[in-house]
Amino acid sequence: MSAFWWLLTAVAAGAGLAVQSRINGELGARLEHGMLAALISFGVGLALLGVLLAVWPGARAGVARLVRVIRDGSMPWWYATTGLLGAFLVATQGVVVGTTGVALYTVGVVAGQTASGLAVDRAGFGGLAKKPITPQRVLGALLALAAVGIALAGAGELQGAWLIVLPFVAGLLQSVQQAFGGLVQRHARSAIAQTVSNFLVGTVALALFVGVQALAGMSAQPLPVEPWLYVGGVLGILFIALMSVAVHHLGVLTMGLGVICGQVVTSLLLDLLVPAGHPVTVWSVVGALLTIAAVAVSAIRRPRVSPRA
């Protein structure tokens, strides 16, 4: 598959991430317990993966290969703990979005992704090939930051604005998660095995945290009855699986910019189509178009100049 189609895959994954943020944020607000919302999201995803493992021998073989490379030392065991970073991202959705809204939340995540994408690519984290920091790639990252600032400025979500620190940190860590997740996928030769690892580690971590909160006396509201509030984990499965494969074809920065494009455009559509969303303005549309330009600037490769005979 060409780089163009992998880039579209990253854009679609970003759209799913924006929808997941809205869903988990709403669930956290209904429960009045953001961490429990994150645990439910991860738990649903892990249960679905369990069913998939039961009916798909290829998925079980991938998990077996992952266990084998950890046991024989071919891959450091802590590479498989990146589910902690995914759990932190989903936890910030449940805690932050209900207060700030999905728009301001997206600003924080995107800023973190963009800031760390260049560094992760340059360092070659997770065994990925090092990619040079070229003026073209720096310009793409700067355009992405400018785009989200234009598209989401003036949302008026100032209450609890300090919470933006949490999604910013989650965005910083997401680039690292994608890089090491790609290495896990390569060792296991299975995107499903990498996804199972993420959801298993994340679910255990969140369950322990929620358990401590319960012992401390923290309670939640009754579970809502709307089925759509529980599909965040399904979107998480698709996101992690797609990104663990796409990162090898695009690099962390270009893939991250594709995800940003999907996040920003979808957040605008949510604000337009969902009654609780923020009104879409001309500046919102300009910002979305600038985001697409940022993806193009970063992804388009310069043609090689053949030496003259």
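The values are calculated or read from the model by the stated rules, or taken from the named source; none is laboratory data. Keep in mind the model is a prediction, meaning the values are calculated, not measured. Cβ: placed from backbone, ideal geometry, glycine included. Neighbour counts: every protein chain shown.
At a glance:
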read-out	value
Residue list for the range 92-141, filter: among the charged types (D, E, K, R), assigned to a helix (DSSP H, G or I) and touching a residue at least 24 places away in the same chain (Cβ under 8 Å)	ASP121, ARG137
Residue among VAL201, VAL196 that alone is within 20 Å of LEU89 (Cα to Cα) and either outside any helix (DSSP H, G or I) or at pLDDT 95 or above (or both)	VAL201
Candidate set from the range 56-91 (those that are touching a residue at least 40 places away in the same chain (Cβ under 8 Å) and in a loop (DSSP other than H, G, I, E, B)); member that is surrounded by the fewest Cβ atoms within 10 Å (Cβ to Cβ)	SER74
Residue tally, condition surrounded by fewer than 23 Cβ atoms within 10 Å (Cβ to Cβ) and over 23 Å from LEU31 (Cβ atoms), over the range 202-248	5
Test: residue in the range 62-75 that is among the small types (Gly, Ala, Ser) and closer than 27 Å to LEU269 by Cα	no
Matching residues, the range 95-122, being at pLDDT 75 or above and surrounded by fewer than 19 Cβ atoms within 10 Å (Cβ to Cβ)	THR99, ALA119, ARG122
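Residues checked against (1) modelled with pLDDT under 65; (2) at negative phi; (3) not charged (D, E, K, R):
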residue	(1), (2), (3)
GLY126	yes, no, yes
ILE133	no, yes, yes
VAL138	no, yes, yes
LEU145	no, yes, yes
VAL148	no, yes, yes
GLN159	yes, yes, yes
LEU166	no, yes, yes
LEU172	no, yes, yes
